[in-house]
Amino acid sequence: MTFLTLSLALVFVLIPIVLSKAFNLELEKDTVIATVRSIIQLLIVGYILQFVFHSENIIYTILMIALMIGAATQNARKKGASIKGITWKLIVTFIFVEIITQGILLGFHITPAEPQYIIPISGMMIGNSMVLSILFLNRFTAEIDAHQNEIELILSLGGTPKQAIHSQLIASIKASTIPTIESQKTIGLVQLPGMMSGQIIAGADPVQAVQFQLLILFLLLTSVVVTSVLLGFLSYPTLFNKQMQLLKVEA
Amino acid sequence: MKESYKAAIQFEHVNYSDGSTSILKNITGFFPKGKITTLVGPSGAGKTTLFRLCNRLISPSSGEIQIVGEKIDQYNPIELRQNVGLALQSATMIRGTVMKNLALPLTLKGSKLSEEDATELMQDVGLSEAFLTRNVKDLSGGQRQKVSIARTLVNKPKILLLDEITSSLDRVSQQDIEELIVRINEKYGTTIIWITHNLTQAVTIGEYSWVMIDGEVIESGESSFLNNPKNDRVKQFIKGDLV
């Protein structure tokens with residue numbers, strides 16, 4: 001695709017602006033900002049990736065992954081601000097997910113150890129983990145806020161913090177992972193996954209595209225469950241003090 | 001109160017604040033061991049907060065609490081909470097059946113409650129065995145309070161903190177629970193501290209009483225003082241001018 005044909009695609013930006021103006025939706029400013037930001041951000045990423053792929057230096061690949069983890073942490077930490085040390089818990093979770101997924105992919109030679117495979121797959125895994133973390137932290141803090149009496153009841157009867165928070169922890173892990181698992185049940189029936197569609201449009205063999213998509217889907221299953229479980233078990237102890245008292249958590 | 005009684009719970013200049021709000025102010029005094037003490041006072045006086053301190057769900061901002069002569073923070077929190085039972089007015093239940101709730105204190109210790117023991121506990125609080133299989137969401141407020149009391153008794157606590165546990169009960173059920181509590185006190189020597197809004201109950205059940213207003217202990221002593229209080233604010237409270 002040339003830059004000229006891509007610029008013609010801006011017609012799709014004009015349509016929402018015209019509709020917003022016509023119906024007084026006041027979306028013009030945000031639409032323009034979103035368009036400009038996406039052009040700048042993606043072009044920068046494109047050129048950076050081009051540089052990293054050609055440099056063949058592992059340091060640049062590691063830096064890219066570190067940048068992704070940093071951005072994902074920055075985004076997700078606001079949702080768990082009331083959990084002590086949430087920044088480090090998120091970093092540990094994302095690194096763990098990255099090690100598990102890339103470890104299996106590279107260890108079993110499922111994908112080649114090249115930046116053009118490692119970086120996009122890492123991006124998908126860390127991005128997915130970030131969304132999962134936000135879902136989990138949202139639900140977990142809301143569960144604790146809503147069930148404070150039940151948690152304190154168990155503590156008051158001589159239960160440990162782990163016993164006291166068990167129901168809320170399990171409910172939050174389930175609630176955050178179920179959407180991913182459910183959406184995979186209908187995948188391909190309702191819509192074709194984005195990555196697979198992109199490969200097909202770019203001229204790849206559809207069966208090859210499906211194989212890659214399946215690989216990503218299986219990796220996502222691991223990353224969602226690992227993210228929720230790890231983040232849950234890293235987070236709950238900091239909700240209690242040494243006297244086994246429940247600390248205040250703001251949902 | 002006569003100093004000759006050993007204290008089950010002793011407070012020394014205890015203060016508790018939630019943020020900038022002072023809830024308990026300079027509480028000093030004790031609940032005598034093996035006796036029933038009633039705690040009365042208008043809403044918002046800090047009575048429930050005092051109970052939460054005794055069960056160590058919260059810690060005082062300053063001051064010291066001793067349980068049977070030992071500083072509260074010397075105890076393992078789990079052991080302390082098993083020995084200082086707390087039943088709150090809210091009668092919070094976990095999801096599931098009455099049996100699941102009743103067995104909870106033992107489940108937490110990794111053991112089971114036998115059906116015979118469960119039936120006996122239910123009878124003690126005036127509920128039939130048939131209730132054991134009922135889901136707690138189908139219980140009335142009064143029935144929940146009864147299950148909550150029975151559940152607290154499963155740990156066989158040495159000190160029992162009861163927070164308005166008969167507020168949702170009819171008169172007959174109230175009497176049943178009052179008799180049960182007196183029976184537990186006499187049979188096991190359990191120290192009982194009972195928050196109540198019912199002044200008749202406070203005088204007849206309690207050997208000793210505390211009156212708390214605005215986070216302070218205003219008057220305490222043998223319960224009969226409630227019939228003829230010295231303090232003006234206590235007089236006002238008893239007349240019903242403070243709610």
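The values are calculated or read from the model by the stated rules, or taken from the named source; none is laboratory data. Being a predicted model, the structure only gives us computed values, none of them experimental. Quick reminder, even Gly has a Cβ in these numbers, built from the backbone with ideal geometry, and neighbours come from all protein chains shown. Each accessible area value is taken on the protein alone, full model and side chains, heavy atoms only, with ligands, DNA and RNA left out. Shrake-Rupley method; radii C 1.70, N 1.55, O 1.52, S 1.80 Å.
A quick yes/no check of all residues on (1) polar (S, T, N, Q); (2) more than 14 Å from every other protein chain (Cβ to nearest Cβ); (3) open to solvent by 10 Å² or more (accessible area, probe 1.4 Å):
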residue: B:Lys25; (1), (2), (3): no, yes, yes
residue: B:Pro32; (1), (2), (3): no, yes, no
residue: B:Lys35; (1), (2), (3): no, yes, yes
residue: B:Gly41; (1), (2), (3): no, yes, no
residue: B:Thr49; (1), (2), (3): yes, no, yes
residue: B:Ser59; (1), (2), (3): yes, no, yes
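Among the residues examined, A:Glu152 does not qualify as without any contact (Cβ under 8 Å) to a residue 60 or more places away in the chain and in the same structural domain as A:Thr87 (by the TED database).
Okay, residues lined up against (1) within 14 Å of chain B (Cβ to nearest Cβ); (2) at pLDDT 85 or above; (3) in contact with a Cys (Cβ under 7 Å, 6 or more places away or on another chain):
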| residue | (1), (2), (3) |
| --- | --- |
| A:Gln168 | yes, yes, no |
| A:Ser172 | no, yes, no |
| A:Gln184 | no, no, no |
| A:Gly188 | no, no, no |
| A:Leu192 | no, no, no |
| A:Met195 | no, no, no |
| A:Pro206 | no, yes, no |
| A:Val210 | no, yes, no |
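The single condition among (1) open to solvent by less than 50 Å² (accessible area, probe 1.4 Å); (2) on the phi < 0 side of the Ramachandran plot that A:Gln148 does not satisfy is (1).
Filtering segment A:116-145 to residues that are open to solvent by less than 10 Å² (accessible area, probe 1.4 Å) and more than 18 Å from the chain's Cα centre (by Cα) leaves A:Thr141, A:Ile144. Filtering segment B:148-165 for residues that are out of contact with any Phe, Trp or Tyr (no Cβ under 8 Å at 6 or more places or on another chain), of a type outside the set (Gly, Ala, Ser) and surrounded by fewer than 15 Cβ atoms within 10 Å (Cβ to Cβ) leaves an empty set. On the given criteria, is B:Gln123 closer than 26 Å to B:Asp176 by Cα and open to solvent by 10 Å² or more (accessible area, probe 1.4 Å)? Against the criterion (closer than 26 Å to B:Asp176 by Cα and open to solvent by 10 Å² or more (accessible area, probe 1.4 Å)), B:Gln123 qualifies. Can you confirm whether B:Val98 is surrounded by fewer than 21 Cβ atoms within 10 Å (Cβ to Cβ), farther than 18 Å from A:Thr160 by Cα and of a type outside the set (Ser, Thr, Tyr)? For B:Val98, the condition - surrounded by fewer than 21 Cβ atoms within 10 Å (Cβ to Cβ), farther than 18 Å from A:Thr160 by Cα and of a type outside the set (Ser, Thr, Tyr) - is not met. Can you name every residue in segment B:104-118 that is in contact with a Ser or Thr (Cβ under 9 Å, 6 or more places away or on another chain) and either buried (at least 22 other Cβ atoms within 10 Å of the Cβ) or touching a residue at least 12 places away in the same chain (Cβ under 8 Å) (or both)? Answer for segment B:104-118, where residues must be in contact with a Ser or Thr (Cβ under 9 Å, 6 or more places away or on another chain) and either buried (at least 22 other Cβ atoms within 10 Å of the Cβ) or touching a residue at least 12 places away in the same chain (Cβ under 8 Å) (or both): B:Pro105, B:Leu113.
More than 13 Å from every other protein chain (Cβ to nearest Cβ), open to solvent by 50 Å² or more (accessible area, probe 1.4 Å) and β-branched (Val, Ile, Thr): does that describe B:Thr133? Yes; evaluated as a whole, the condition is true for this residue.
Screening A:Gly85 against (1) on the phi > 0 side of the Ramachandran plot; (2) without any contact (Cβ under 8 Å) to a residue 24 or more places away in the chain leaves a single unmet condition, (2). Would you call A:Pro112 in a loop (DSSP other than H, G, I, E, B) and not β-branched (Val, Ile, Thr)? It is true that A:Pro112 is in a loop (DSSP other than H, G, I, E, B) and not β-branched (Val, Ile, Thr).
The condition of being among the small types (Gly, Ala, Ser), outside any helix (DSSP H, G or I) and surrounded by 14 or more Cβ atoms within 10 Å (Cβ to Cβ) holds for only one of A:Gly188, A:Gly203, A:Gly159, A:Gly232, that being A:Gly159.
How many residues does segment A:93-115 contain that are touching a residue at least 60 places away in the same chain (Cβ under 8 Å), within 25 Å of A:Asn75 (Cβ to Cβ) and open to solvent by 50 Å² or more (accessible area, probe 1.4 Å)? Count: 2.
Conditions (1) touching a residue at least 24 places away in the same chain (Cβ under 8 Å); (2) open to solvent by less than 80 Å² (accessible area, probe 1.4 Å); (3) out of contact with any strand residue (DSSP E or B) (no Cβ under 7 Å at 6 or more places or on another chain), marked per residue:
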| residue | (1), (2), (3) |
| --- | --- |
| A:Leu14 | no, no, yes |
| A:Ser20 | no, yes, yes |
| A:Ala34 | no, yes, yes |
| A:Leu49 | yes, yes, yes |
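Within segment B:69-77, identify whether any single residue is in contact (Cβ under 8 Å) with a residue 24 or more places away in the chain and either open to solvent by 60 Å² or more (accessible area, probe 1.4 Å) or under 23 Å from B:Lys158 (Cβ atoms) (or both), and answer yes or no. Yes, some residue in segment B:69-77 is in contact (Cβ under 8 Å) with a residue 24 or more places away in the chain and either open to solvent by 60 Å² or more (accessible area, probe 1.4 Å) or under 23 Å from B:Lys158 (Cβ atoms) (or both).
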